[in-house]
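Asker: The structure's right below; bear with me while I get my questions together.
The values are calculated or read from the model by the stated rules, or taken from the named source; none is laboratory data. Note that the structure is predicted; figures quoted are calculated from it, not measured. Ideal geometry is used to build each Cβ from the backbone, glycine not excepted, and the neighbour counts take in all protein chains shown. Just so you know, the surface numbers come from the protein's heavy atoms only, side chains and all, with ligands and any DNA or RNA stripped out. Shrake-Rupley method; radii C 1.70, N 1.55, O 1.52, S 1.80 Å.
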Amino acid sequence: MSELKVLNSYTRQKEVFKPITPGHVGLYVCGPTVSGESHLGHARPYVTFDVIYRYLMHLGYKVRYVRNITDAGHFEEEGREAEDKIAKKAVLEKLEPMELVQKYTNLFHWGMKQLNNLDPSIEPTATGHIVEQIEMIKKIMEEGYAYEVNGSVYFDVKKYAENYPYGKLSGRVMDEMLETTRELEGQDEKNNKADFALWKAAPEEHIMRWVSPWGEGFPGWHIECSAMSNKYLGSEFDIHGGGMDLQFPHHESEIAQSTICNKHVPARYWLHNNMITINGRKMGKSYNNVIKLTELFSGQHPLLEKAYSGQTIRFFILQTHYRSTLDFSNEALQASEKGLKRLWEAYEVLRKLEVTGLTAEAGDKDLDKKITELLLELDEFMNDDFNTAKVLANMFELVPVINSIKDKHIAPTALSAGTMEMLQKYFKTYVEDILALSGDVEKEDGKLEGVIGLLIEIRKEAKARKDYATSDKIRQQLQGLGILLKDEKDGGISYSFA
């Protein structure tokens, strides 16, 4: 079996994977900002790194998988006005910030279960690690790479770039960044346009705020991942993952912060999945093509012809290599639905197949050899930067053989006993353990019991605090899912399908 190789975004080379501690892997993946619902674009990284997590465990590694929850700050400057997403959305929805966070964290977790993703080993939150973030900022300041202005603290990118390769991960050139960075709110107090916020002074009306050496404020976006990865995986760990859109400024800034604190890049290998497009277009609010996971699983979106199960979405994602662009369309998803059904039915046949009379010698040596080669290539493809697309292509080459054995067009004795055992073993390992697929292809009536229950609970809470605007909005959402509410007396709510 070949060695595992990964495409390291930091070096832009395919490298043999060698963990820092033999037998152990530290994996950090940037989690969601829970200021709103997760969408189709979020599905790809978490399915991708779920398969990577599963495959590393299959290889025998003990994996500590850390995936954070951003529930504070997320102060962004790259290409938009500065804002705290959590605080802004909490005001719009008339919820306490942590109430909003809990609502969307619950929905995120529900969506991950639909996609059949394993829970991470640790899921730390930004608000639970304010102390660690402040301590890291203090250290960066002590090293002379950050400065305070009016209660805010900024990382000195220009000074850092004089001594370290800022831009190496994303391929950006420092001079170009200084020239092209937009003039945004609050940038007049920074030394350079490219500097980014480590801590922001909280204006009087700001809801989420913490005491710091520089006054009351809230953390910038990038510092949380540096602080939490350092706490749970150490100053140097094996793999840092996320979407390609995070390379700059988020991961580039993480590298800078951690390098100043620990004198080296935090992760050995940086893995990035490519983006999802919708009918050839980038997904974005301006195109009205952002599809939330609840909409995807219910079919309640103008671009959707029907509801799609989490298994269909997972299979759709895995049919393309994680570093390639993945284009979403109804046609593609419906083809995936049929493909998954065909693969699962063949697997069911193989599981129940009881063959007698097999010997060490194959009746059809050429067929036996072909099947063995196709199976052994599954490991080769996964060891070649987790190429699930090629794995599935090989498995589909084996489907007609399995069906032909079932239909007695191929005699079971055409295969040797060893090859038949290998076929059954490999299919189970890859279908269930590594790719984590199942036969749950279609959702009954496209209804979402989990989401329905969650929305009803939120409606009850809204009614209890007399927030009728939120209550009415949720009623409309439920009606859009074909749900009729009834018996709403004394705080109890029941429902039926329209």
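Asker: Give the ranking of K200, K369, K408 by solvent-accessible surface, highest area first, calculated with a 1.4 Å probe.
Answerer: K408, K369, K200
Asker: Still on this structure, I have one more. Of all GluC sites (Glu not before Pro) in the stretch 277-375, which ones are in loop regions per DSSP and have a Cβ with at most 14 other Cβ atoms within 10 Å?
Answerer: In loop regions of the stretch 277-375 (DSSP not H, G, I, E or B), the sparsely surrounded GluC sites (Glu not before Pro) are E305, E354, E361.
Asker: Further question on the same structure: Identify the GluC sites (Glu not before Pro) of the stretch 1-69 meeting these criteria: DSSP loop state and at most 10 other C-beta atoms within 10 Å of the C-beta.
Answerer: Qualifying residues, ordered by number: E3.
Asker: Looking only at the stretch 233-376, where both bridge partners belong to it, what percent of the DSSP beta bridges are antiparallel (to the nearest 5)?
Answerer: Looking only at bridges with both residues in the stretch 233-376, the antiparallel portion is about 20 percent.
Asker: Evaluate the relative contact order of the stretch 223-361 (contact order divided by residue number), counting alpha-carbon pairs under 8 angstrom at least 6 apart; express in whole percent.
Answerer: After rounding, I find 19 percent.
Asker: Also, quick follow-up: Amide H neighbours of I69 under 5 Å, counting only residues 5+ apart in sequence or on other chains, H built in-plane at 1.01 Å?
Answerer: Hits under the 5 Å cutoff: T125, A126.
Asker: Can you tell me, using C-alpha contacts under 8 Å and at least 6 residues apart, the relative contact order of the stretch 288-344 as a whole percent?
Answerer: Relative CO of the stretch 288-344 lands at 25 percent.
Asker: What number, in percent, do you get for the relative contact order of the stretch 343-414 if the mean sequence gap of Cα pairs under 8 Å and at least 6 apart is divided by its residue count?
Answerer: 47 percent
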